[in-house]
Structures are given as structure tokens and as C-alpha cells.
Amino acid sequence: MTEQKAIEGCKRDDRISQKYLFDAYSDGMLVVCMRYVKNLPDAEELMLNGFFNFFKAIDRFVYNGNGSIGAWLKKIMVNECLMFLRKKDGLKITEEENAGEIAADDGIVERMSAGELFQLIMELPSGYRTVFNLFVVEGYSHKEIAKMLGITEGTSKSQLNKARVMLQKKVLENCR
Amino acid sequence: MSDKDIREKMESLTPLSGGIVFGKEEAWDKLQARIERKPARRILLSYRMAAAAALLLFVSLLAMYNYPSKQLSQTNAISDNGVVAQRQITPVQETVAAPAQPNQPASENNINSNTQNKQLVTAKNNKAHGRHNLDEVSNYYKTMEFICNGKPCPTEICAIKKIKCQNDQPQAISSTAILESGVSGQIPDKSFDNVETNAPITIEALKIKTGTDAEAVILNANSAPAYCVEKIANKQNRN
């Protein structure tokens, strides 16, 4: 079964097609949710919510080749996570002073495994981690992040800077 | 620490490499159950709709409280002694009549020429007569149907019945109702202590009297179905 056929099947509410897409994308989407909410049961619930909304709104989806399903699903998952964080902790993000310069890491990150880096990102505070994920991993601009989180662009930038400095420290500590 | 390196590493991350263990099949089962669950019907009420519904309810309640009291003046309980209680339903004093003449044939002598009850009709479920306050007369046995007197003068209806008592002896009883002009009511039929529960009651004759000159039409087993109508028509022609 190809992705396109699976999408067509999903539009007909075909369970096999839905299962095919779930099997193909659930791992990746669970990781996306984990990056935002840390807690596995919450992440799993959000991932299921995301897939449920995806299948519910499948009629509006237009398949544009490889990567389009993943990109759409990722957007849905990120939205689900942000809604969850807003409800749960209120996602308090305040503007902070610049955390200072980020030291050169001499390619330490390149030598780290994905799992190690993931664990270090998970140790960041919720606000830092959210902005870091949105900017660095998802590729949103500060303007978009500010709109999504209801903060100013300056706050987004300062949060990102803080997150970078903290992560840098953690990376260096991890290498020692 | 470039963003590109971090992004690539995060995108290549799998649950296993990130130390995440989850049951994919169980997760799918949960999702499938959620997909197959019928969505709960959601009723979206705008403020305007809610206000309109509340207003409608208020008006309906108001109408409901006002309407029966109006109707009650027309729906009167009728007692054997001929008293028509207005608005207030009084206990019916049923009397055991002197043994009536069951199967008494109707004769011309029994029928007065001035009888004018041609418009006496039963008004079962007749919307034109409105809703009757059944609750207030529910303490008594009564005819199932309301009878409406459409004539300009009072009409008396007497039902002569035969009932089987506890000593297996048939007993004749009568129930009389007087309907004022333009009112409707039921013929009361109170039970007696010496009558078995669910004892069969048969109506032997119906006596209908209109006006004040005691002229009556009697309908019994010997009367033809169109007897009453014919008699009334004849009287009218004569008048």
C-alpha cells in the first residue's frame, strides 16, 4: 500500500489504511509529543488525539508527495501539545534577561547520539524546551512562535537564548 | 552546537533510541475504539435560542395555568341531585335508585313533544371544547367521555344501569347528570360497598330530558339506533 492509497482509504474510513498510516507515523509522532510533554502517558494520549483529529479532518488533506503526511501530522501533534501545556501548567513564559554568550562546543553535539541529546533537551524547563523545540527542531520563526504562544518576539528570543545556554552547559557536563 | 545538527538528530530519533517504550498495538486499539465510538450529539444553543426557549416555556406554563381554570367553569361535576358545581368539584352523592324497569320499551308516552336535545353530543377528544381538568374528578367512577350540551337550555341525562352485587343479585342503579347550556361533563358513577370489584355493569336505558317541562327520550335495548335522532327530528318538524 502506498501513502496516497492509504490516504484515499482513510477518506473512505477504511481501518486498514488508517492502521497503515498509524504504524508508519506513530513512533515519530510519539517522539514529537515526548519532546514537549516529557511524560509518556500524556505523550501517548496526545499522540492518539492527534491521529484522531487527523483521521477526522482527512477530507481536507491534499496529498503532495512524500513528507506531506508527516508535516501535517507534526503540526497537529505540536498544536495538541501546546494546548495541553497551556491547560496543564498555563505555559508560563516570562521575558528574561539575556543569559550571555554561548560558548563554542567544538562539535560535541555531532559526536553525541540522538538519544543522549534528547535526554538533555528533556531536562530543560518547560518554557525553554517549548521555544527551543519550536524554533530549532520544528523550524518556526520567532514571529510564529510569539503568535502560537501568545508572547512577544523578544520573549521568544530570550527564552531560546536561555535554552541554548542551559543545553550547552548540560552537553559539556555530559561530555566530562 | 548548530541548529541543523540538533534538528537532524531529533528527526532521526526513534522511540527505542530515546528510551521510550510504548505498546503500539494497544495504542492502535485505543485509537480504533475512539474512532468507532459514535460522536455524542451536541446541541449548540445560542443565547438567543436559549432566551426564546425560556420565553416559550414561560408562555406555555402561563397558558397552562390559566386555561384549565377557564375550562373548569364549563366542565362541571354533575350530581344526582341536579346540582351543577361551578369550578369546584364536590363529592358525588350516588343513590341507589328504586329498581328501574330494565328493558323497558320506549313508548310515545315517555317522550315529550318538546324535547330539543338534537345537539347533545359526546365530546371525546374534541379539541373545540378544550382540555378538561380530569385530575379534579378522578376520585369518582365516571363515563369515559365528556358530554357537551350544545343546546340553549339545560339537559338531563339519566343512565339506568344493572350491576351484580356481592350476593349475586342484580341491582338497578341510576346516575343522573344535568348539563347546563354550553357546558360539558361526565356522568358520575360511584362504587358501592356491596358491589364486587370489577363487577359487570350494563346500561339498561338512557333517559335524555331537555328543558323544564320534563319531556324525555328513552333509549334502551328496544330502541333502533336512529331512534333518538328520528324522534328529535319529528319533534322539530312538529314545532
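In the stretch A:137-148, of all residues being assigned to a helix (DSSP H, G or I) and in contact with a helix residue (DSSP H, G or I) (Cβ under 7 Å, 6 or more places away or on another chain), the one that is nearest to the other protein chains (Cβ to nearest Cβ) corresponds to A:VAL137. For the stretch B:2-17, the candidate set comprises residues that are closer than 16 Å to A:PHE132 by Cβ and not in a helix (DSSP H, G or I); within that set, the residue that is nearest to the other protein chains (Cβ to nearest Cβ) is B:LEU13.
Taking every residue in the stretch A:125-136 that is within 13 Å of another protein chain (Cβ to nearest Cβ) and pairing it with any residue that is among the basic types (Lys, Arg), at least 6 positions away or on another chain, the pairs with Cβ-Cβ distances below 7 Å are A:ASN133/A:ARG35; A:VAL136/B:ARG7. Among residues of the stretch A:30-83 being touching a helix residue (DSSP H, G or I) at 6+ places or on another chain (Cβ under 6 Å) and hydroxyl-bearing (Ser, Thr, Tyr), the one that is least open to solvent (accessible area, probe 1.4 Å) is A:TYR36.
Remark: pairs (first residue in the stretch A:164-176, touching a residue at least 12 places away in the same chain (Cβ under 8 Å) and in a helix (DSSP H, G or I); second residue open to solvent by 60 Å² or more (accessible area, probe 1.4 Å) and of a type in the set (Val, Ile, Thr); Cβ separation under 6 Å; 6+ apart in sequence or on different chains) = A:ARG164/A:ILE102; A:VAL165/A:ILE102; A:GLN168/A:ILE102.
The values are calculated or read from the model by the stated rules, or taken from the named source; none is laboratory data. Bear in mind the structure is a predicted one, so any value in this text is a computation, not a measurement. Quick reminder, even Gly has a Cβ in these numbers, built from the backbone with ideal geometry, and neighbours come from all protein chains shown. Protein only, heavy atoms only, side chains kept; ligands, DNA and RNA dropped before computing areas. Shrake-Rupley method; radii C 1.70, N 1.55, O 1.52, S 1.80 Å.
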